[in-house]
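What follows is one structure encoded as structure tokens, with my remarks underneath.
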Amino acid sequence: MSGTGIHVRGHCRCSTDPVRFEITKQPYEVHYCLCTDCTDISGGALAILAVVEKSGFKVTEHEEKIKNFDTKPTAHRRFCGTCGCHMFLYVDAFPDFVLVHVPTLERADNLGAAPDRWVFTRSKHPMVTIPNDGLPRHEGWAGTAKAA
Ligand SMILES: [Zn+2]
Ligand SMILES: [Zn+2]
């Protein structure tokens, strides 16, 4: 199903002239990430990331506001320089994909995919309890079952 056409819109938190972007291909996969890079940079306890083919992702408005911060030399995180919202990132290990922070997307839009696993559970914040959702849990990175 990967690559199926969809139209999901996302934006930063600016009330005027927000950065806007869109996803036009169903994500390759979606996962929950508990790594300290994803969580600490956005002040969250977990990240929900959609892995989208670059050809199915486009910044449509106010690209000029986007800044980059590398949480490690291989992880390039794009955020809005005005409101600070972390929107998406590029990881060198996945050159064909962009990883989009799902909560930046319109909740009413259908992404056509849901998280299929938890990754980097060894980095979980001690105040967080992973729910009994039946999904696989991985101490570090693990690819999607679809790729196995
Ligand atoms: Zn903004
Ligand atoms: Zn992460």
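Looking at the range 129-148, which of its residues are among the β-branched types (Val, Ile, Thr), open to solvent by less than 30 Å² (accessible area, probe 1.4 Å) and at pLDDT 95 or above?
ILE130 - this is the single residue of the range 129-148 that is among the β-branched types (Val, Ile, Thr), open to solvent by less than 30 Å² (accessible area, probe 1.4 Å) and at pLDDT 95 or above.
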Strands (runs of 3 or more DSSP E) completely within the range 16-108 that count 2 or more residues being under 21 Å from ARG137 (Cα atoms) and not hydroxyl-bearing (Ser, Thr, Tyr)
29-33, 47-53, 97-101
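Quick one: which residue in PHE94, PHE88 is in contact (Cβ under 8 Å) with a residue 12 or more places away in the chain, surrounded by fewer than 19 Cβ atoms within 10 Å (Cβ to Cβ), within 14 Å of ligand 2 (Cβ to nearest atom) and not aliphatic (A, V, I, L, M)? Let's see the steps before the verdict.
On the way: PHE88 fails: surrounded by fewer than 19 Cβ atoms within 10 Å (Cβ to Cβ).
Answer to the check: PHE94.
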For VAL119, are the conditions met, namely being under 18 Å from GLY10 (Cβ atoms), of a type in the set (A, V, I, L, M) and either in contact with a strand residue (DSSP E or B) (Cβ under 7 Å, 6 or more places away or on another chain) or buried (at least 21 other Cβ atoms within 10 Å of the Cβ) (or both)?
no
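What are the residues in the range 71-82 that are within 16 Å of ligand 2 (Cβ to nearest atom) and open to solvent by 70 Å² or more (accessible area, probe 1.4 Å), if any? If you could, list the steps in order and put the result at the bottom.
Step one: list which residues in the range 71-82 are within 16 Å of ligand 2 (Cβ to nearest atom), which gives 71-79.
Those that are within 16 Å of ligand 2 (Cβ to nearest atom) and open to solvent by 70 Å² or more (accessible area, probe 1.4 Å): LYS72, PRO73.
For every residue, the table says whether it meets (1) more than 14 Å from ligand 2 (Cβ to nearest atom); (2) at pLDDT 95 or above; (3) crowded, with 16+ Cβ neighbours inside 10 Å; (4) more than 28 Å from SER123 (Cα to Cα).
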{"residue": "ILE23", "(1), (2), (3), (4)": "yes, yes, yes, yes"}
{"residue": "GLN26", "(1), (2), (3), (4)": "yes, yes, yes, yes"}
{"residue": "TYR32", "(1), (2), (3), (4)": "no, yes, yes, no"}
{"residue": "ILE41", "(1), (2), (3), (4)": "no, no, yes, no"}
{"residue": "ALA47", "(1), (2), (3), (4)": "no, yes, yes, no"}
{"residue": "VAL51", "(1), (2), (3), (4)": "no, yes, yes, no"}
{"residue": "SER55", "(1), (2), (3), (4)": "yes, yes, no, yes"}
{"residue": "HIS62", "(1), (2), (3), (4)": "yes, yes, yes, yes"}
{"residue": "GLY84", "(1), (2), (3), (4)": "yes, yes, no, no"}
Taking the stated definitions as given, is ALA108 more than 12 Å from the chain's Cα centre (by Cα), within 16 Å of ligand 2 (Cβ to nearest atom) and open to solvent by 60 Å² or more (accessible area, probe 1.4 Å)?
no
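Could you tell me how many of the residues in the range 78-94 are out of contact with any helix residue (DSSP H, G or I) (no Cβ under 6 Å at 6 or more places or on another chain) and at negative phi?
Let us first name the residues in the range 78-94 that are out of contact with any helix residue (DSSP H, G or I) (no Cβ under 6 Å at 6 or more places or on another chain), namely 78-79, 83-85, 88-94.
Checking which are at negative phi leaves us with 78-79, 83, 85, 88-94.
So the count comes out to 11.
The values are calculated or read from the model by the stated rules, or taken from the named source; none is laboratory data. Since this is a predicted model, take the numbers as computed values, not measurements. Don't worry about glycine lacking a Cβ; one is built from the backbone with ideal geometry, like all the others, and counts go over all protein chains shown. Each accessible area value is taken on the protein alone, full model and side chains, heavy atoms only, with ligands, DNA and RNA left out. Shrake-Rupley method; radii C 1.70, N 1.55, O 1.52, S 1.80 Å.
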